[in-house]
Amino acid sequence: PERDLLITPVEMTKRGQQLKAHFRYLGSDYRGEMRYDILPDDKVTRTSRSGFTLQHSQQIAPSLLGSVDLNKASDNRYFVDLSSQVRQLSTGILPQQANLSYSSNPVGAGNRVYSDTGSYINAMVQRFQTLQDPLAPIVSPYARLPQISFGTTKSDIAGRFDAVLPGEFVRFAHPTRVDGTRLQFNPTVTAPILAPGYFLMPKLGLHYAAYNLTQIAAGQPDKPSIALPWMSLDGGMIFDRDAHWFGQQLTQTFEPRIFYFKAPYRNQDHIPLFDTGLSDFNFSQIFAENRFAGGDRFGDANQVTMAATSRILTPDGQEMLRATLGQRYHFSDERVGLVPGAALRGRDQSDLLASVGGRFAKALTFDGTVQYNPQLSRAERYSASVRYAPEIAKVISASYRYKRDPAQPIRQMDLSGQWPVQAGWYAIGRLNYSFQDGRLLEGIAGMEYNAGCWVLRGAFQRMQTAAQTVSTGIFFQMEFNGFGSLGSDEIMTMLKRNVPGYAVTNPTQGALVPPSMHRLPFEKVF
């Protein structure tokens, strides 16, 4: 019962015979699965094509955990031409990595040890297989051979301070670009002041990084380093009062928050970019110390962020309505860019962020966010979404995204849903359309019929798999409850991943049966 192997022969009239194998295993302290797809003789390319994935995790000891994640494809167009369940990080990148993690707080046998002091170490080796699209080539990521992350924490020092000392050593390897090692430490000390109606978090930190580089250009230093101290102060308050809407007793809150951050300038143009990029501008980022993601840049700043949130809460604590407004103010010009010559922000205010969302009714939720540029009096980015889900297997979602970006502008609409149309019949679909490009990014149309003791599913999928390539697929599956199925199980993976809220109509637990199934002319027993 802890092992199973599913072998699926596939007949493709255009390309030939394919064989798919899916092996799963489970033990008391380990689990994993392996997939292997083989097309021995593709009639179109006249080559043998295959895809492989292995995911394994194991609790070696109460404090020691190991895992393996291997993925490989035979050629660049494997996922464009063939359906597969080999895991991808993105359209063209397959991870190949192994991890070993230790924590001083063991987690085995349900006896987690809690302490105000803890330490950890994680070792990883990681490579990537990059599948190139000739019309949209991408740069292969750096391999990490290895990456060792470590750290220790100490809480409640002298009854007031919390200290964290994270560190990392990485050897970055690349066949054509600058590579080398990076050692970095980011210690912080916090003196939190917490109370039911307010909080104050003063923090001091240091960013230190030292490099040993190879394959560098002439005149560039091979052992650059940087040491940059910084400080931040984060504080907020929570006010609440009784409110009455349409005869309902509610609670309204007002939650102002202010965040100040200061870091001096250090020239970092001579340091390569191994794993670093500019963070997206959003509500989470405007309360972060560093505007860059990764360890190769730390931004100079003298800035304050002010924001306020108001919520309407029901008597049981559920959020009925939420509205947030936030903006960052810069007291000095930015000088550290991602690369030399990158656009930098001057001494002014940032774009204004506004968000509103909530639940108008039990089944109806909505969310909207806008990024507004006060200098140019225009919206730089906005999104809106709404979802109606009155019961299981009965959901409709709609969203729209807009981004004003000269390099990669976005105007996309996304509609999806699952809905009963007749007794036992459910319609399923998704439409993801780009107005900017004038093309369909992904479309799904399907039906599911529940006959009580068996279920029939069918779906048609059309999606953009490369710059100038569209892939289409037709999936069928007949499932016999409690016995097995005929057809492709990939239809289940595809629907769950691409239709938010999708639910099978024949779950193994009776409590998860859609209410619409209870009105069928036959009895359904669980």
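The values are calculated or read from the model by the stated rules, or taken from the named source; none is laboratory data. Not measured: the values here are computed from a predicted model. Cβ atoms come from the backbone with ideal geometry, glycine included; neighbour counts cover every protein chain shown. Ligands, DNA and RNA are stripped out before the accessible areas are found, and what is left, the full protein with its side chains, is counted by its heavy atoms. Shrake-Rupley method; radii C 1.70, N 1.55, O 1.52, S 1.80 Å.
Taken together, the criteria place residue 19 among residues that are touching a strand residue (DSSP E or B) at 6+ places or on another chain (Cβ under 7 Å) and either loosely packed, with under 15 Cβ neighbours inside 10 Å or at pLDDT 95 or above (or both).
Taking the condition of being modelled with pLDDT of 95 or more and either closer than 21 Å to residue 186 by Cβ or loosely packed, with under 14 Cβ neighbours inside 10 Å (or both), how many residues in segment 199-222 meet it?
Start the filter on segment 199-222 by keeping residues that are modelled with pLDDT of 95 or more, which leaves 199-213.
After this cut, where a residue has to be either closer than 21 Å to residue 186 by Cβ or loosely packed, with under 14 Cβ neighbours inside 10 Å (or both) as well, the list is 201-213.
Matching residues across segment 199-222 total 13.
Against the numbered list (1) more than 23 Å from residue 181 (Cα to Cα); (2) open to solvent by 40 Å² or more (accessible area, probe 1.4 Å); (3) touching a residue at least 24 places away in the same chain (Cβ under 8 Å), residue 284 comes up short only at (3).
Residue pairs whose Cβ atoms lie under 6 Å apart, separated by 6 or more positions or on different chains, with the first residue in segment 64-86 and at pLDDT 90 or above and in a loop (DSSP other than H, G, I, E, B) and the second crowded, with 20+ Cβ neighbours inside 10 Å and of a type in the set (D, E, K, R), are 74/49.
When residue 94 is tested against (1) over 30 Å from residue 165 (Cα atoms); (2) over 28 Å from the mean Cα position of the chain (by Cα); (3) at pLDDT below 95, exactly one condition is not met: (2). Quickly run through segment 382-393 and pick out the residues that are surrounded by 16 or more Cβ atoms within 10 Å (Cβ to Cβ), touching a residue at least 24 places away in the same chain (Cβ under 8 Å) and either over 30 Å from residue 425 (Cβ atoms) or touching a Pro at 6+ places or on another chain (Cβ under 9 Å) (or both). Within segment 382-393, 387, 392, 393 qualify.
Can you find even one residue in segment 306-315 that is outside any strand (DSSP E or B), open to solvent by less than 80 Å² (accessible area, probe 1.4 Å) and β-branched (Val, Ile, Thr)?
Step one: filter segment 306-315 for residues outside any strand (DSSP E or B), giving 314-315.
Then drop every residue that is not open to solvent by less than 80 Å² (accessible area, probe 1.4 Å), which leaves 314.
So of that shortlist, the ones also β-branched (Val, Ile, Thr) come out as 314.
Checked segment 306-315: at least one residue is outside any strand (DSSP E or B), open to solvent by less than 80 Å² (accessible area, probe 1.4 Å) and β-branched (Val, Ile, Thr).
In summary, residue 71 fulfils each of the numbered conditions (1) closer than 24 Å to residue 129 by Cα; (2) in contact with a helix residue (DSSP H, G or I) (Cβ under 6 Å, 6 or more places away or on another chain) with the single exception of condition (2).
Within the bounds of segment 327-334, is there any residue that is in contact (Cβ under 8 Å) with a residue 24 or more places away in the chain, open to solvent by less than 50 Å² (accessible area, probe 1.4 Å) and of a type in the set (Gly, Ala, Ser)? Break it down into steps so the answer makes sense when it comes.
So the first thing to find is which residues in segment 327-334 are in contact (Cβ under 8 Å) with a residue 24 or more places away in the chain, and the list is 327-332, 334.
Restricting the remaining residues to those that are open to solvent by less than 50 Å² (accessible area, probe 1.4 Å) gives 327-328, 330, 332, 334.
Of the ones still in play, those that are also of a type in the set (Gly, Ala, Ser) are 332.
Within segment 327-334 (the criterion being in contact (Cβ under 8 Å) with a residue 24 or more places away in the chain, open to solvent by less than 50 Å² (accessible area, probe 1.4 Å) and of a type in the set (Gly, Ala, Ser)), the answer is yes, since at least one residue qualifies.
Within segment 327-369, being out of contact with any Asp or Glu (no Cβ under 7 Å at 6 or more places or on another chain), of a type in the set (Gly, Ala, Ser) and under 20 Å from residue 401 (Cα atoms) holds for 354, 355, 368.
Restricting to segment 394-430, name every residue that is assigned to a strand (DSSP E or B), touching a residue at least 12 places away in the same chain (Cβ under 8 Å) and aliphatic (A, V, I, L, M). Scanning segment 394-430 gives 395, 396, 398, 410, 413, 415, 427, 428.
Answer yes or no: is there a residue in segment 440-447 that is of a type outside the set (Val, Ile, Thr), open to solvent by 20 Å² or more (accessible area, probe 1.4 Å) and within 21 Å of the chain's Cα centre (by Cα). So far as segment 440-447 goes, yes, one or more of its residues are of a type outside the set (Val, Ile, Thr), open to solvent by 20 Å² or more (accessible area, probe 1.4 Å) and within 21 Å of the chain's Cα centre (by Cα).
Open to solvent by 70 Å² or more (accessible area, probe 1.4 Å) and touching a strand residue (DSSP E or B) at 6+ places or on another chain (Cβ under 9 Å): does that describe residue 402? In short, no.
Results for (1) in contact with a helix residue (DSSP H, G or I) (Cβ under 9 Å, 6 or more places away or on another chain); (2) modelled with pLDDT under 90, shown as yes or no for each residue.
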{"residue": "442", "(1), (2)": "yes, no"}
{"residue": "457", "(1), (2)": "yes, no"}
{"residue": "482", "(1), (2)": "no, yes"}
{"residue": "487", "(1), (2)": "no, yes"}
{"residue": "505", "(1), (2)": "yes, yes"}
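Is it true that some residue in segment 343-354 is under 30 Å from residue 417 (Cα atoms), within 27 Å of the chain's Cα centre (by Cα) and either open to solvent by less than 50 Å² (accessible area, probe 1.4 Å) or at pLDDT 95 or above (or both)?
First pass over segment 343-354, keeping only residues under 30 Å from residue 417 (Cα atoms): 353-354.
If we keep only those that are within 27 Å of the chain's Cα centre (by Cα) as well, we get 353-354.
Filter again for either open to solvent by less than 50 Å² (accessible area, probe 1.4 Å) or at pLDDT 95 or above (or both), leaving 353-354.
Yes: segment 343-354 contains one or more residues that are under 30 Å from residue 417 (Cα atoms), within 27 Å of the chain's Cα centre (by Cα) and either open to solvent by less than 50 Å² (accessible area, probe 1.4 Å) or at pLDDT 95 or above (or both).
Only a single item in (1) charged (D, E, K, R); (2) open to solvent by less than 60 Å² (accessible area, probe 1.4 Å); (3) at pLDDT 95 or above is not met by residue 133, and it is number (3). The residue of segment 254-267 that is farthest from residue 349 (Cα to Cα), among those that are open to solvent by less than 60 Å² (accessible area, probe 1.4 Å) and either touching a strand residue (DSSP E or B) at 6+ places or on another chain (Cβ under 6 Å) or among the aliphatic types (A, V, I, L, M) (or both), is 255. All conditions in (1) without any contact (Cβ under 8 Å) to a residue 24 or more places away in the chain; (2) open to solvent by less than 50 Å² (accessible area, probe 1.4 Å); (3) more than 26 Å from residue 398 (Cβ to Cβ) hold for residue 302, with the sole exception of (1).
When you scan segment 1-45 for strands (runs of 3 or more DSSP E) that lie fully inside it, which ones turn up with 3 or more residues that are over 30 Å from the mean Cα position of the chain (by Cα)? Can you show your working first?
On the way: elements: 3-12, 16-26, 30-39.
In segment 1-45, the matching strands (runs of 3 or more DSSP E) lie at 3-12, 16-26.
Residues that are surrounded by 17 or more Cβ atoms within 10 Å (Cβ to Cβ) and free of Cβ contacts under 8 Å to residues at least 40 places away in the same chain within segment 37-63 comprise 42, 49, 50, 51, 52, 53, 54, listed in sequence order.
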